[in-house]
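*Asks:* I'd like to ask some things about the structure below.
The values are calculated or read from the model by the stated rules, or taken from the named source; none is laboratory data. In this text, all values refer to a predicted model and were calculated from it rather than measured experimentally. Reconstructed Cβ throughout: ideal geometry from the backbone, glycine too, with neighbour counts over all protein chains shown. The protein model used for the area step is the full one, side chains on, heavy atoms only, and it has no ligands, DNA or RNA in it. Shrake-Rupley method; radii C 1.70, N 1.55, O 1.52, S 1.80 Å.
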Amino acid sequence: MIWNSARGGMRSVVDAYRRDGFIERENVRLIAAYCDGGFLRRQIVLLAALVEFAWLLATRRIELVHIHAAMRGSFWRKHLFASLARTFRVPVILHLHGSEMRQFYEAQRPQVQHLIRRNLEKSDRVLVLSESWRSFIERIAPAARITVVPNYVTVPARPAADGRDGAEVLFLGLVGPRKGTFDLIEAFAGVAARHPAARLTVGGNGEVEKAATLVGERGLGAQVSLAGWVDGEGKTRLLERSSIYALPSYNEGLPMSVLEAMAAELAVVTTRVGGIPELITDGVDGLLLEPGDKQGLEASLDLLLGDGERRRAIAAAGRRRVETTYSDEVVLPLLHRIYAEVAR
């Protein structure tokens, strides 16, 4: 399995495979083609990955290769691995994660679009995160063999009702404009005076200094906490103590953080992008907005902070939605069947 070990959604997906025993059960060997760090370190990691992969191919120790790819550099790095595998007639599963894949494709010259289409159509299976992504890939690569495999989470034990503060709002992700972090801070400033007990925790790396400046300009220092990158136990504690999760993104695939928040029984406010509208029915198991709708975001936060009964109903419905369609018990057996089909 070729993946990116850098922080982000793709790493969260593969970490979940490992945590839940899928890597061991399927006898998967992980090869990281990208990592956090400087340019030189990233090139060394890529070169080492290519050498290891070529050796495994040459010694016929690979039955199939599962490649996790995003857009831009990630797509082209993974294209190298896919081309090598095809040279040795090893089946390729190309698993697309990039939230801006559509924009990436449409920005290319026709010759480059042809290369992208060829890579998709020559793969033995293309895995996408949602039906909307399937429609897009079918349009640009009609001969591609596509299967929808959503991201998944392991649903935790139901949290104790008395351990959760109804005024806690949480954001997890890359701090910056694409995830709508600054929109969220602006919207929270609009509700902070009406809900003086409300608190917003922003967990993530990225443009943290710019976020801190905005928090200071809006006088939110007492109500907004910038937690930096959090994972593991730190993330679990934040999910357990929060009641509302907000991710006002402009582009997404199927964000792991939204699935994790719904599984942890937080009421989710997010946007109609990527596969999110297939996950959430507005007003039932979450609240949906258009990207950039700061007034709507403020109104949604106002509603959930002020109406505990409505907040708890949405949170419970979100958890049920994940349990039935986006849990490990549903998605991992599907991935096992795909491995068996492609390997044959």
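*Asks:* Do the conditions hold for ALA143, that is, is it in a loop (DSSP other than H, G, I, E, B) and touching a helix residue (DSSP H, G or I) at 6+ places or on another chain (Cβ under 6 Å)? Show your work before the answer.
*Replies:* Working: in a loop (DSSP other than H, G, I, E, B): yes; touching a helix residue (DSSP H, G or I) at 6+ places or on another chain (Cβ under 6 Å): yes.
When the stated conditions are applied, ALA143 passes them.
*Asks:* Have a look at PRO177, PRO156, PRO150 and point out the one that is closer than 21 Å to GLY98 by Cβ, of a type outside the set (A, V, I, L, M), open to solvent by 30 Å² or more (accessible area, probe 1.4 Å) and in contact with a helix residue (DSSP H, G or I) (Cβ under 9 Å, 6 or more places away or on another chain). Even if it seems obvious, please write down each step before you answer.
*Replies:* Numbers: PRO156 fails: closer than 21 Å to GLY98 by Cβ; PRO150 fails: open to solvent by 30 Å² or more (accessible area, probe 1.4 Å).
None of the others qualify; the one that does is PRO177.
*Asks:* Just to check your reading of the model, which residue among GLU100, GLU121 is surrounded by fewer than 20 Cβ atoms within 10 Å (Cβ to Cβ), farther than 27 Å from ARG7 by Cα and of a type in the set (Asp, Glu)? Working first, answer last.
*Replies:* On the way: GLU100 fails: farther than 27 Å from ARG7 by Cα.
Of the residues listed, the single one that is surrounded by fewer than 20 Cβ atoms within 10 Å (Cβ to Cβ), farther than 27 Å from ARG7 by Cα and of a type in the set (Asp, Glu) is GLU121.
*Asks:* Of all residues in segment 319-344, which are outside any helix (DSSP H, G or I) and open to solvent by 10 Å² or more (accessible area, probe 1.4 Å)?
*Replies:* As a first pass, look at segment 319-344 and keep what is outside any helix (DSSP H, G or I): 326-327, 344.
Within segment 319-344, TYR326, ARG344 qualify.
*Asks:* Do you know which of the residues in segment 50-73 that are β-branched (Val, Ile, Thr) and part of a loop (DSSP other than H, G, I, E, B) is surrounded by the most Cβ atoms within 10 Å (Cβ to Cβ)?
*Replies:* The qualifying residue surrounded by the most Cβ atoms within 10 Å (Cβ to Cβ) is ILE62.
*Asks:* Among (1) more than 30 Å from VAL90 (Cβ to Cβ); (2) without any contact (Cβ under 8 Å) to a residue 12 or more places away in the chain, which single condition is ALA340 missing?
*Replies:* ALA340 satisfies all of (1) more than 30 Å from VAL90 (Cβ to Cβ); (2) without any contact (Cβ under 8 Å) to a residue 12 or more places away in the chain except (1).
*Asks:* In this structure, is LEU259 open to solvent by less than 10 Å² (accessible area, probe 1.4 Å), touching a Ser or Thr at 6+ places or on another chain (Cβ under 6 Å) and in contact (Cβ under 8 Å) with a residue 60 or more places away in the chain?
*Replies:* Working: open to solvent by less than 10 Å² (accessible area, probe 1.4 Å): yes; touching a Ser or Thr at 6+ places or on another chain (Cβ under 6 Å): no; in contact (Cβ under 8 Å) with a residue 60 or more places away in the chain: yes.
Spelling it out, it is not the case that LEU259 is open to solvent by less than 10 Å² (accessible area, probe 1.4 Å), touching a Ser or Thr at 6+ places or on another chain (Cβ under 6 Å) and in contact (Cβ under 8 Å) with a residue 60 or more places away in the chain.
*Asks:* Also, I was wondering about something else. Scanning segment 100-136 for residues that are of a type in the set (A, V, I, L, M, F, W, C) and assigned to a helix (DSSP H, G or I), which turns out farthest from VAL149 (Cα to Cα)? Let's see the steps before the verdict.
*Replies:* Kept after step one, since they are of a type in the set (A, V, I, L, M, F, W, C), are these residues of segment 100-136: 101, 104, 107, 112, 115-116, 120, 126-129, 133, 136.
Restricting the remaining residues to those that are assigned to a helix (DSSP H, G or I) gives 101, 104, 112, 115-116, 120, 133, 136.
On the way: MET101: 16, PHE104: 21, VAL112: 26, LEU115: 24, ILE116: 21, LEU120: 16, TRP133: 11, PHE136: 15 Å.
Applying the filter and picking the extreme gives VAL112.
*Asks:* Mind counting the residues in segment 193-203 that are open to solvent by less than 20 Å² (accessible area, probe 1.4 Å) and at pLDDT below 95?
*Replies:* The initial filter retains those residues of segment 193-203 that are open to solvent by less than 20 Å² (accessible area, probe 1.4 Å), namely 198, 200-203.
Within this subset, residues satisfying the condition of being at pLDDT below 95 are none.
The total comes to 0.
*Asks:* Here's a follow-up. Restricting segment 135-186 to residues that are at pLDDT 95 or above and acidic (Asp, Glu), which is farthest from ARG312 (Cα to Cα)?
*Replies:* Out of the qualifying residues, it is GLU138.
*Asks:* Which condition does SER249 not pass, out of (1) within 30 Å of VAL28 (Cα to Cα); (2) among the polar types (S, T, N, Q); (3) open to solvent by less than 10 Å² (accessible area, probe 1.4 Å), if it passes all the others?
*Replies:* Looking at each condition in turn, SER249 falls short on (1).
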